Amino acid sequence: MDIRPIIVQKYLESLKEDTELDALFPLLLQAMNFEILSTPKEYKGFPQYGKDIVAIGKEGGKKYRYYFEIKAGNIDGRNWATGQNSVRSSLTMTLDHDFATTYPDFKELPNKVILAFNGLVSGKARGLLTGFAQKEFIDKGISFEEWNIWKLTELFNAKLFGPYLFTDQNNTRLFNRVIVNLNVNDGVSQDFIDLVDTILAKENWSGNSRKIPRRIVLLFGTLNLIALVLYNEAKGYNNLDIAKRYLTHLLLRFWHWVLKNKLEGNPKVIPFFARHFMFYHALLREYLKRTVDIALLKDGLSHHEGGRYDEVGYTHRTFEYLKTLCYVLRFEKRFDPNFDMEKAKSLLIGIINANSVSKRVLLDIHSLTVMDVIHLFIEFGELENAKTYLREVLGYIKNGKELYGRMPDANNSLENVIKFTVTGKKPIYYVDGTSPLLATLLEYVAILDVKEDYAWLPDFVQEHDITLGIFVPHQGLESTSRDLIEDKENDLEEQLFSTSVKDGYQSEIRIKKFPEGDLDFDEFLEELGERVNEFSYNYRTDKVGFPMLRDLAHHYYGTPYFPDRWRPLLKLLNPKETKE
C-alpha cells in the first residue's frame, strides 16, 4: 500500500488557517512551472483586490492568466455567504477589479479562476457554488475549477512532496518518523538529519547553465516545503522552539550545499536561499515576540518546578535565549533601516538583568553567547555595559572555582554539569584543567582595558593550574600548519557548516615571563598586539553579505569562535597596540 498520499492528505487537512495554506500554495505553483505575479502575503486583507494569487500558466500549450482564491477547510452553508471574507464575496471580487501588471499582453490572455481549499463542499453549499460559478464565470467564458482536498493531495504528492521528499520508501519513512516524533526530545532527530542529507546528496550543480535547472528549483522548493511543514507542526504544539532547532539545521545544511557546489556567487541561486533565510528570520522574530514578555520578568526564564535540575537548566536556557536575541538584533541592525537601537539596548539589558544567571557560564562553549553579548554592546556604542558584563562573567567563574571547586566544563557536557551539581562530585569526563573560555576572556580584558580584573587573573590561573589555550584552525591565510589538515575534502567554511571543526591547534596564551615572573597588563596587551594576525580567513559567506550565518554555525555545531572574531577589536579600540 502506498502511504504517501495519506501522509500528504493528513498534513494538508491539518492546515486550519487561510494563512497556513497561503504560505504553502505558491511552492506548489512554482513546482508546476507557474509564473507567479502576486502572492497572498502581498495583497491578503485588501478587500478591493479579491485575488489571493495571480499567476501565468500553460495548459495544452496555451497560456492563461490564473486567479487563485484560497480557503482553509470545508465549504458549507455557514462560510459560503457569511462575513466579509466569505467564499461567495471573495469569488465575486475576483473579477471586479483589474490586476495591474507590466506582464506583456496580460489582459489579452484567457482567464481561469481556481478555488483551492483543503476540504470538501458540503450540504447546500454544493448547489450554491455550482450555480454561482455557472452564472458568474462559465456563462461569461471564464474557466472555473475547484481544487479540493482530493485534487490538492494529488497535486502536492505528484509535484512537490514526491520529487524529493517521497522519492522512495526510506525517505517516506524518515519524513513520517520526523513528524510523529517532533515533540519527543529537545534536539534534532537523527531521522531529520538523515532525511536532509539524503535530499541534498541527490543533486549537484556547477552553475554553468544560463538557467537554473528545474530539478534544482524543485530541490529549493522542497527545502522551503520542509521548513513550512515543520513550522506549522511546531505551531500545532504551541512550541516554536521545535521549529527553531530544526530549521536552524536545515538552513545551515542548505548553505553548506551552496558552498560545496561553489554557488555562493551565483546571482540566480542566492535569491532562492535568501527567501529561505528570511523565512528563518521571521520564525526567530515570532519566537521572541511570543516569549519576550516572560523573559523580561524577574527570573522569567527559570522553571519554578524544575527542582535541582533547573540550577543547570535555567542557566543553559538563558544562554540559549540570549544567543537567539543577539542574533536577531544583529541581523536587524544590519538589514532593517528602521532599526531602533535604543529599544534594542533596553531589551538586551532588561533580559540580562532580569535573569540572574545570565553571567553564570557552565560550559566552555557558553563563551559564544558571552562574546555575542559583548560584541553587541560594542556595536551599540555601550562600552561600559560591555565591560560590566565581562567583569560579572569573570566574577562568576572565579566564585565557581573558589567556592564550589569547578570551572566551566571544557568538554561541553551538560550531563556532566548536572551530575556535578546534584552529587557534588566531579565526573571523570568533566574537564576544567584547561579553559579556552578563560583564555578568550583574558584577551577581552586587554581589549576592553579592564585592568582591575587583569590584576587577579594571573594569580588565579596559576593557583588553580589552569591551561589557557585558544583554538586556531590550520586553514588560516598565513598558516604554517596546513600540512596537518585532516579533512582534505572540505575547506574551513564547508567544515564549519557541517560539523564541529577539529582541524586546528591550541594556541597557548602566555601570562608568565621567561624565566620567571608574570606579564603585567601592558606587557600582555603588547603580546596580544603581536597575535592579532595569527589567524585570518577570506570567508565566502561574508562576501555574499551573510556573516551572521557563521555565528549560527558556530553555535549549532559547538565550534569555538576563531580568533578573527574578536582580535580585530584590538585594532579598533586600541589602534596603537597592534602590529602589522
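The values are calculated or read from the model by the stated rules, or taken from the named source; none is laboratory data. Small disclaimer: the values here were computed from a predicted structure and weren't measured. Using ideal geometry, Cβ is built from the backbone for each residue, glycine included, and neighbour counts are taken over all protein chains shown. We work out accessible area using only protein heavy atoms, side chains counted, and drop any ligands, DNA or RNA first. Shrake-Rupley method; radii C 1.70, N 1.55, O 1.52, S 1.80 Å.
The table that follows gives values for the structure above.
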{"item": "Reach of LYS513 by Cα under 19 Å, taken over lysines that are not fewer than 8 positions away in the same chain", "result": "LYS451"}
{"item": "Residue pairs, from the table LYS159/LYS268; LYS16/LYS71; LYS268/LYS543, whose Cα atoms sit over 18 Å apart", "result": "LYS159/LYS268"}
{"item": "Set of aspartates and glutamates near LYS51 by C-alpha distance (under 16 Å), chain-local residues within fewer than 8 positions excluded", "result": "ASP18, ASP22, GLU35, GLU42, GLU69, ASP96, ASP98, GLU136, GLU145, GLU146"}
{"item": "Portion, in percent, of the accessible area of the chain that falls on carbon or sulfur, probe 1.4 Å", "result": "50"}
{"item": "Candidate residues GLU35, GLU523: accessible-area rank, largest first, probe 1.4 Å", "result": "GLU35, GLU523"}
{"item": "Pairwise label distance in nanometres, LYS58 with LYS202, each label 7 Å out on the Cα-Cβ vector", "result": "2.4"}
{"item": "Fully extended contour minus Cα-Cα distance, from LEU120 to ARG78, at 0.36 nm per residue", "result": "13.8 nm"}
{"item": "ASP197 accessible area, 1.4 Å probe, all protein chains in place, Å² to nearest 10", "result": "60"}
{"item": "Nearby lysines by direct alpha-carbon distance to LYS425 (threshold 27 angstrom, same-chain neighbours under 8 apart not counted)", "result": "LYS359, LYS398, LYS401"}
{"item": "Computed E for ASP186/LYS298 - FRET, C-beta separation, R0 22 angstrom, nearest 0.05", "result": "0.35"}
{"item": "Under 9 Å, Cβ to Cβ, from GLU379 - net charge with Lys/Arg +1 and Asp/Glu -1", "result": "+1"}
{"item": "Order of exposure, largest accessible area first, which applies to MET278, MET407, MET93 with probe 1.4 Å", "result": "MET278, MET93, MET407"}
{"item": "The chain: Cα Rg divided by the 2.2 N^0.38 Å rule of thumb", "result": "1.14"}
{"item": "ILE36/SER500 FRET efficiency (R0 41 Å; Cβ-Cβ; nearest 0.05)", "result": "0.55"}
{"item": "Estimated inter-spin distance, LEU95 and PHE335, nm [label 7 Å along Cα→Cβ]", "result": "4.1"}
{"item": "Separation of alpha-carbon centers, the stretch 373-398 and the stretch 531-577, rounded to whole Å", "result": "18"}
{"item": "Mean separation of Cα contacts under 8 Å, 6 or more apart, over the residue count of the chain: relative contact order %", "result": "9"}
{"item": "Cα shape, the stretch 432-474, gyration tensor, a/c 1.5 rule", "result": "oblate"}
{"item": "Gain in span if fully extended, ASN538 to ILE142, counting 0.36 nm per residue against the direct Cα distance", "result": "136.9 nm"}
{"item": "Cleavage-rule hits (chymotrypsin sites (Phe, Trp or Tyr not before Pro)) in the stretch 376-429: DSSP loop, at most 13 neighbouring Cβ within 10 angstrom", "result": "TYR429"}
{"item": "Solvent-accessible area per residue for the chain (1.4 angstrom probe, square angstrom)", "result": "46"}
{"item": "For the stretch 131-160 and the stretch 473-497, distance of Cα centres in Å", "result": "55"}
{"item": "For ASP518, residues with placed amide H under 5 Å, excluding near neighbours", "result": "LYS513"}
{"item": "Residue-level accessible surface for THR315, protein heavy atoms, 1.4 Å, Å²", "result": "0"}
{"item": "Approximate spin-label separation LEU484-LEU109, in nm, with each point projected 7 Å along Cα-to-Cβ", "result": "6.1"}
{"item": "Förster radius 25 Å - calculated FRET efficiency between TRP456 and ARG510, Cβ distance, rounded to 0.05", "result": "0.90"}
{"item": "Alpha carbon centroid spacing (whole Å) that separates the stretch 188-237 from the stretch 446-464", "result": "48"}
